[in-house]
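Asks: Take this structure, written in structure tokens, and hold onto it; I'll ask about it next.
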Amino acid sequence: MAAFTFIAEGRCTDMSGGSVGNHSALMDQVYRRQRHIYDLSRKYFLFGRDRAIRKFGLKPGERMIEIGCGTARNLIRIARSYPDAKLFGLDASQEMLRTARASLVHAGLDRAIALTQGYAEKLDRETFGPSAFPFDQALFSYSLSMIPDWRAALAAAAEAVKPQGTLHIVDFGDLMGMPGPARGIFRAWLRRFHVVPRSEILQTIEKAAAGAAGDLWISPARFAFTWRVSPKTMKGLLLSHVAQGSQGS
Ligand SMILES: C[S@@+](CC[C@H](N)C(=O)[O-])C[C@H]1O[C@@H](n2cnc3c(N)ncnc32)[C@H](O)[C@@H]1O
């Protein structure tokens, strides 16, 4: 079976090798000013977000968490599409959460959506309290490309979602449909914001056994993708990575 084979394991570091504590500060630094223009500027290139939201099919009372929720742009759209769902947003950056809280107040949704500061890699039943746990669905929207130990974040989410629930990922693809020079320039520009497309994820999904890959959509130029998958399949891919790693050691 295909498996995720990239990135350091068992630790939670930022891209400069610091601790998770530093990662929160790093995200605050990235977004302190950007948060004011984030929604306006990102709508031109963060493709696939609304496509993913249309597929949630959340039923009344079901619980959904967005991991790396940023400004709450997605949570507000989800609340409008599924007004009877219970929504939760987790983010490492207090700066982004400041904008998120203001946006929820503006949308009249501040009582309907719970937000908290924390790390995707450490998501557990204490994050929003036992009454919120487990979730029916979880969304990573352009957050895995910023989460240092994205495999740990996927593992935590797979544990935090009910067995019959769904994980959704929307993010940059491997960009392999772009001309080489343009791809290099775009990757370098993303790195300035500490964004690293996780090419490994898309390539692993494509290699996964037919039917195990869940529901995958890839945009033109392989710029972005959306993926809908069960926690069981996700755990299988992650475990298979661990098994391959131990054989190789
Ligand atoms: C590019 S923004 C995406 C925001 C939103 N999901 C969207 O689609 O517009 C990535 C978000 O992930 C958050 N983030 C990065 N690393 C994180 C981590 N380890 N745990 C939780 N959130 C994290 C950042 O603070 C930022 O708000």
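Asks: For segment 115-128, how many residues meet the condition of being within 8 Å of the ligand (Cβ to nearest atom) and without any contact (Cβ under 8 Å) to a residue 40 or more places away in the chain?
Replies: 1
Asks: Which is of a type in the set (S, T, N, Q) and more than 15 Å from the ligand (Cβ to nearest atom), of SER131, SER141, SER103, SER145?
Replies: Unique residue meeting the criteria: SER131.
Residue by residue, here is whether (1) touching a Cys at 6+ places or on another chain (Cβ under 9 Å); (2) surrounded by 22 or more Cβ atoms within 10 Å (Cβ to Cβ) holds:
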site: ARG77; (1), (2): no, no
site: PRO83; (1), (2): no, no
site: GLY89; (1), (2): yes, yes
site: ALA92; (1), (2): no, yes
site: MET96; (1), (2): yes, yes
site: LEU104; (1), (2): no, yes
site: LEU109; (1), (2): no, no
site: LEU115; (1), (2): yes, no
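Asks: Separate question: Using the structure shown, decide if GLY68 is within 10 Å of the ligand (Cβ to nearest atom), modelled with pLDDT of 95 or more and under 23 Å from GLY173 (Cβ atoms).
Replies: When the stated conditions are applied, GLY68 passes them.
Asks: Among the residues in segment 201-223, are any at pLDDT 95 or above and in contact with a Lys or Arg (Cβ under 8 Å, 6 or more places away or on another chain)?
Replies: no
Asks: If you check VAL196 against the conditions, is it within 15 Å of the chain's Cα centre (by Cα), more than 28 Å from LEU58 (Cβ to Cβ) and in contact (Cβ under 8 Å) with a residue 40 or more places away in the chain?
Replies: Against the criterion (within 15 Å of the chain's Cα centre (by Cα), more than 28 Å from LEU58 (Cβ to Cβ) and in contact (Cβ under 8 Å) with a residue 40 or more places away in the chain), VAL196 qualifies.
Asks: What number goes with the only condition from (1) closer than 25 Å to ALA221 by Cβ; (2) surrounded by 16 or more Cβ atoms within 10 Å (Cβ to Cβ); (3) small (Gly, Ala, Ser) that ALA182 does not pass?
Replies: (2)
Asks: Does ALA158 qualify as being crowded, with 16+ Cβ neighbours inside 10 Å, modelled with pLDDT of 95 or more, touching a Lys or Arg at 6+ places or on another chain (Cβ under 6 Å) and part of a helix (DSSP H, G or I)?
Replies: yes
Asks: While we're looking at this one, here's another question. Among the residues of segment 129-140, count how many are more than 22 Å from VAL170 (Cβ to Cβ) and either touching a Gly at 6+ places or on another chain (Cβ under 6 Å) or without any contact (Cβ under 8 Å) to a residue 12 or more places away in the chain (or both).
Replies: Count: 3.
Asks: Residue pairs, Cβ under 7 Å, 6 or more apart or interchain, first in segment 73-85 and under 11 Å from PRO60 (Cα atoms), second acidic (Asp, Glu) and more than 15 Å from the ligand (Cβ to nearest atom). List them.
Replies: Listed by first residue and then by second, the contacts come to ALA85/GLU62.
Asks: I've got another one for you. Assess whether PHE186 counts as being assigned to a strand (DSSP E or B) and among the aromatic types (Phe, Trp, Tyr).
Replies: Against the criterion (assigned to a strand (DSSP E or B) and among the aromatic types (Phe, Trp, Tyr)), PHE186 does not qualify.
Asks: For segment 38-55: of the residues being farther than 12 Å from ASN74 by Cα and away from the ligand (no atom under 12 Å from the Cβ), which is farthest from the chain's Cα centre (by Cα)?
Replies: TYR44
Asks: Please list, ordered by first then second residue, the pairs with beta carbon atoms under 7 Å, 6 or more apart or interchain, first in segment 52-67 and more than 23 Å from ASP91 (Cβ to Cβ), second surrounded by fewer than 13 Cβ atoms within 10 Å (Cβ to Cβ) and not aromatic (Phe, Trp, Tyr).
Replies: What qualifies is PRO60/ASP84; GLY61/ASP84.
Asks: Name, by its number, the condition in (1) crowded, with 21+ Cβ neighbours inside 10 Å; (2) farther than 24 Å from GLY129 by Cβ that does not hold for GLY57.
Replies: (1)
The values are calculated or read from the model by the stated rules, or taken from the named source; none is laboratory data. What you see is a predicted model; the values in this text were computed from it and never measured. All Cβ positions, even for glycine, are placed from backbone atoms using ideal geometry, and neighbour counts span all protein chains on display.
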